[in-house]
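Working notes, structure below.
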Amino acid sequence: MKVAFYDTKPYDRIWFDPLLSEYGYQAKFFDYKLTADTAVLAKGCDAVCVFVNDEVDAAVIDALCSNGVGLIALRCSGYNNVDLAAARDKIRVVRVPRYSPDAVAEYAMALLLTVNRKTHRAYVRTRDNNFNINGLLGMDLAGKTAGVIGTGQIGSLFADICNGFKMRVLGYDIYPSDQFPYEYVSLQDLFARSDIISLHCPLTPQTRHIINADSIQQMKDHCFIINTSRGALIDTTALIEGLKSKKISGAGLDVYEEEGEYFFEDFSNDIVEDDELARLLGFPNVIVSSHQGFFTREAMQAIAIVTVENLHNYEQQTPLKNEIVYKQY
Ligand code: NAI
């Protein structure tokens, strides 16, 4: 079994190298993304392993197929970056459906605590011997209402964390679960009643820009928005307007609509040409992090184990329990 890993960083190899050698698999690690041009580098490989910002479109799929690749193994859970319709009957696609939902739920709360209590600004101030607390006023979370959009693995854990903070929890999901012990409401009600809104649904044609100018208008004044799911759930232009008008009190964003170009890379010696990203970074009440919600030891270990198991099942021609198949929405 030979596998080409795209968009890798040194920390990926820490977890994958020992497992790949245990299974006797050969791997090529590329630091660049999978594109129609770089697909040729997988020639001779049985599978490619890709991450959240590899754009696996129809051209890439055709290029992989013509180079003899039979499997796309996502080392993440979201799969909005793969054109499943184009992959159908040509190449198989597997993912890691669950690694550490706690990692992401805990991180969503970390973003909320930070934007609310402004610890990011306090850290910078005191390092500069500025012990003034002007402008760092927050609110108690206890007694406030958290609106959770998408009450699956991560959303339901986030709801439990909010409950632990003595918050009231409202949920919205197109497939409500009887395991979710909090109140389900319509999306409109969730917008109207929540003091903080956290996004935990996948990116689909239905959920793209679920946060937009109209939904922001329906929200309570001074609402906080947290997004650890996928950037395009939020219409960034509308969010910026909501922040400028102070309708939105703060945003914690681990994902960004156009993150593919910047996230996971070091641009500290460059000019950010994306004006909306630059605008977001300029708000004192916005935190942008670089898609790191998943990044814990436990999650990395689980991602490597399940990905290598997926590769092994493919090699052994046993059922691919983590296969993703095309579904028309
Ligand atoms: P999940 O599949 O367990 O839960 C997603 C929930 O969203 C399901 O209950 C589903 O019914 C619901 N949903 C689907 N369409 C919806 C719609 N139109 N409106 C409302 N709800 C809808 O997924 P999980 O594991 O909780 O992950 C959620 C998302 O978190 C993933 O799709 C991924 O984009 C993101 N993620 C982000 C990470 C990070 O590092 N920041 C790491 C892992 C996942």
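The values are calculated or read from the model by the stated rules, or taken from the named source; none is laboratory data. Just so it is clear, the structure is predicted and the values come from calculations on it, not from any experiment. Note that we place each Cβ from the backbone using ideal geometry, even for glycine, and neighbour counts take in every protein chain shown. The protein model used for the area step is the full one, side chains on, heavy atoms only, and it has no ligands, DNA or RNA in it. Shrake-Rupley method; radii C 1.70, N 1.55, O 1.52, S 1.80 Å.
Calculate for the chain the 222 nm mean residue ellipticity that helices alone would give, adding -39,500 (n - 2.57) per DSSP H run of length 4 or more and normalising by residue count, nearest 500 deg cm²/dmol. Before the final figure, lay out the partial values.
Values: 11 runs with 115 residues, N = 329.
Result for the chain, helices only: -10500 deg cm²/dmol.
For E257, E273, write out the residues from largest to smallest accessible area, computed with a 1.4 angstrom probe and no ligands counted.
The most accessible residue leads, giving E273, E257.
Can you give the accessible area of M1 in Å² (nearest 10), computed on protein heavy atoms with a 1.4 Å probe?
Roughly 40 Å² of M1 is accessible to a 1.4 Å probe.
Taking all pairs of distinct Cα atoms, average 1/r, flip it, and tell me the Kirkwood hydrodynamic radius of the chain in Å to one decimal place. Mind dumping the intermediate values first?
Values: mean 1/r = 0.0475 Å⁻¹.
Hydrodynamic radius (Kirkwood, Cα only) of the chain equals 21.0 Å.
For segment 101-288, max minus min Cα coordinate along each principal axis, in Å, sorted largest first?
That works out to 49, 36, 31 Å along the principal axes.
By accessible area of protein heavy atoms, probe 1.4 Å, what ranking do V124, V255 get, highest first? Each step should come with its number before you reach the end.
On the way: V124 95, V255 5 Å².
Listed by decreasing accessible area, they come as V124, V255.
Can you pull the accessible area of K166 for me, 1.4 Å probe, Å² to the nearest 10?
150
Express the relative contact order of the chain as a whole percentage, based on alpha carbon pairs under 8 Å and six or more residues apart in sequence. The partial results should precede the final answer.
Values: 606 pairs, mean separation 56.4, N = 329.
In percent, rounded to a whole number, it is 17.
Quick check on packing: order 178-186, 39-47, 216-224 by the mean number of other C-beta atoms within 10 Å, highest mean leading. Could you put the intermediate results ahead of the total?
Details: 178-186: 12.7, 39-47: 18.6, 216-224: 16.9.
The packing order, highest mean first, is 39-47, 216-224, 178-186.
Of the listed peptides 19-25, 155-161, what is their order by residue-averaged count of other C-beta atoms within 10 Å, with the highest listed first? Present the calculation step by step, with values, prior to reporting the outcome.
On the way: 19-25: 13.7, 155-161: 22.6.
Per-residue Cβ counts within 10 Å, averaged per peptide and sorted highest first, yield 155-161, 19-25.
Accessible area of K327, 1.4 Å probe, to the nearest 10 Å²?
Looks like 130 Å² after rounding.
Net charge within 12 Å of I324 by Cβ-Cβ distance, Lys/Arg positive one each and Asp/Glu negative one each, not counting I324 itself?
Summing Lys/Arg as +1 and Asp/Glu as -1 gives +3.
Hey, can you grab everything whose amide H is under 5 Å from the amide H of I197? Only 5+ residues off in sequence or another chain; H modelled, so Pro and N-termini drop out.
So I197 has HN proximity to G147, F224, I225, I226.
Could you pull out every whole DSSP H run in the chain that spans at least 15 Å of Cα extent along its own axis and averages 0.0 or higher on the Kyte-Doolittle scale? Present the calculation step by step, with values, prior to reporting the outcome.
On the way: long enough: 10-23 (20 Å, -0.54); 101-117 (24 Å, 0.61); 153-164 (17 Å, 0.65); 297-316 (28 Å, -0.28).
Flagged H segments are 101-117, 153-164.
Could you check how much of the accessible area of segment 101-288 is carbon and sulfur, as a whole percent, using a 1.4 Å probe? Kindly include the intermediate steps, with their values, before the conclusion.
Values: 4610 of 9260 Å².
Here carbon and sulfur together make up 50 percent of the probe-accessible area.
Compute the Rg/Rh shape ratio of segment 59-129: radius of gyration over Kirkwood radius, all on alpha-carbon atoms.
Values: Rg = 20.5 Å, Rh = 15.7 Å.
Over the Cα atoms of segment 59-129, Rg/Rh equals 1.30.
Where the centre of each part is set by its Cα atoms, how far does segment 196-221 sit from segment 131-158, in angstrom?
Spelled out, the Cα-based centre of one part sits 16 Å from the other.
Per-residue counts of other Cβ atoms within 10 Å, averaged by peptide: what ranking do you get for 295-303, 244-252, highest first? Provide the component values of the computation, followed by the final result.
Working: 295-303: 16.8, 244-252: 18.4.
Most protected by this proxy first, the peptides run 244-252, 295-303.
Which of the listed residues, F131, I161, L277, is farthest toward the dipole's positive end in segment 101-288, when Lys, Arg count +1 and Asp, Glu count -1 at the beta-carbon?
Value: F131.
With all protein chains present and a 1.4 Å probe, how do R75, R127, R279 order by accessible area, largest first? Walk me through the intermediate numbers first.
On the way: R75 5, R127 170, R279 100 Å².
The ranking, largest first, comes out as R127, R279, R75.
Under a 1.4 Å probe, what is the accessible area of the chain per residue, stated in Å²?
On the way: 15950 Å² over 329 residues.
The answer is 48 Å² per residue.
Average projected area of the Cα convex hull of segment 160-265, in nm²? Intermediate results must be reported in sequence, preceding the final value.
Working: hull surface 29.6 nm².
Convex hull of Cα atoms, orientation-averaged projection: 7.4 nm².
Run the dipole for segment 101-288 about the Cα centre, Lys and Arg Cβ at +1, Asp and Glu Cβ at -1, nothing else charged, and hand back the magnitude in debye, nearest 20.
Numbers: 16 positive and 26 negative charges, 212 e Å.
In total the dipole reaches around 1020 debye.
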